[in-house]
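> The following block contains the structure, expressed as structure tokens.
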Amino acid sequence: MTTEQTGYLSRAEKELVAYLRHAAEAIAPNAQPIMEGWAYTSQYDLLLREGRLFTPAPFPPEAQRLHPGFCFTNAAQLANDHPDLQLTYAEGYGAAQIGGVTQALHTPHGWAVTPEGLALDPTWPHEGSIAYLGLPFADRSMWPHQLFGRSLLQEPPFLHDVLRCGLPDGLLADFGRPIHEYVQPSG
């Protein structure tokens with residue numbers, strides 16, 4: 001039975017949420033006086049309130065693994081190269097196993113998602129990817145270009161506007177499991 005069927009978070013998802021919550025709580029007290037009236041206090045707060053969970057899925061045999069270190073452009077390229085799979089670019093944080101042990105590395109990451117909420121990761125091997133929490137971007141103009149891979153959630157102009165004003169209507173696709181259905185954000 002999968003987490004979608006039970007309504008519970010997997011251990012890896014719980015650990016990823018805890019990591020993001022800890023990061024959000026570390027920033028929030030210092031951000032409040034400066035960011036009063038803003039929609040979100042940090043990218044962590046944004047992900048905890050608006051993020052979606054995605055279930056790792058086996059990589060499609062017709063797709064090609066891409067170069068390590070370029071996850072954002074890799075994810076956009078996978079979605080662009082395989083329109084038959086109806087993929088959308090997503091980014092946020094991923095949790096990957098470190099050397100097959102139970103401890104996970106939580107890091108900014110990009111991947112592609114199916115309408116069913118499955119994460120297809122052209123950068124990490126499926127066996128090592130254990131949790132994904134992020135935002136699926138419906139607006140293709142926001143996806144990273146192959147020549148310059150950038151993280152939207154780490155790019156100051158975009159991130160600043162979203163933290164201050166909130167997410168624009170129509171920016172996100174309705175893919176994945178909304179995190180707010182599982183946990184309440186801190187703050």
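The values are calculated or read from the model by the stated rules, or taken from the named source; none is laboratory data. It should be emphasised that the depicted structure is a prediction, and the values quoted were computed from it without experimental measurement. Ideal geometry is used to build each Cβ from the backbone, glycine not excepted, and the neighbour counts take in all protein chains shown. Please note that ligands, DNA and RNA were not included when accessible areas were found on the heavy atoms of the full protein model with its side chains. Shrake-Rupley method; radii C 1.70, N 1.55, O 1.52, S 1.80 Å.
> What is the antiparallel percent of DSSP beta bridges lying wholly in the chain, to the nearest 5? Mind showing how you got there, number by number?
On the way: 27 of 29 bridges.
Bridges in the chain are about 95 percent antiparallel.
> Further, regarding this structure: In square angstrom, what is the accessible area per residue of the chain with a 1.4 angstrom probe? Numbers along the way, then the final one.
Working: 9440 Å² over 187 residues.
Result: 50 Å² of accessible area for each residue.
> With springs only between Cα atoms under 10 Å, which of 66, 20, 47 fluctuates most in a Gaussian network model of the chain?
Greatest mean-square fluctuation among the candidates belongs to 66.
> Peptides 155-167, 83-95: what's the order by average Cβ count within 10 Å, highest mean first? Write out the running numbers ahead of the final one.
Numbers: 155-167: 13.5, 83-95: 22.1.
Ranking, from highest mean packing down: 83-95, 155-167.
> If you take the Cα Rg of segment 44-108 and divide it by 2.2 N^0.38 Å, with N the number of residues, what do you get? List each step's numbers first, then the result.
On the way: Rg = 13.5 Å, N = 65, 2.2 N^0.38 = 10.7 Å.
Relative to the 2.2 N^0.38 Å estimate, segment 44-108 comes out at 1.25.
> What percent do you get for the relative contact order of the chain when only Cα pairs under 8 Å and 6+ apart count? Numbers along the way, then the final one.
Values: 360 pairs, mean separation 57.1, N = 187.
Relative contact order here is 31 percent.
> If you don't mind, there's one more thing I want to ask. Would you mind giving the three semi-axes, in whole Å and largest first, of the ellipsoid equivalent to the chain according to its Cα gyration tensor? Write down the numbers at each step before the final one.
Numbers: eigenvalues 125, 79, 46 Å².
Semi-axes from the Cα gyration tensor: 25, 20, 15 Å.
> To continue, here is another question. Measure off, as a whole percent, the carbon and sulfur share of the 1.4 Å-probe accessible area of the chain, all protein chains present.
Carbon-and-sulfur percentage of accessible area, whole number: 54.
> As a check on your grasp of the helix formula, calculate [θ] at 222 nm for the chain: sum -39500 (n - 2.57) over DSSP H runs of n ≥ 4, divide by the residue count, round to the nearest 500. Mind dumping the intermediate values first?
Values: 5 runs with 54 residues, N = 187.
Rounded to the nearest 500, it is -8500 deg cm²/dmol.
> Then there is this: About its Cα centre, what dipole magnitude does the chain give when the only charges are +1 on Lys and Arg Cβ and -1 on Asp and Glu Cβ, stated in debye to the nearest 20?
Numbers: 10 positive and 20 negative charges, 69 e Å.
Dipole of the chain, to the nearest 20 debye: 320 debye.
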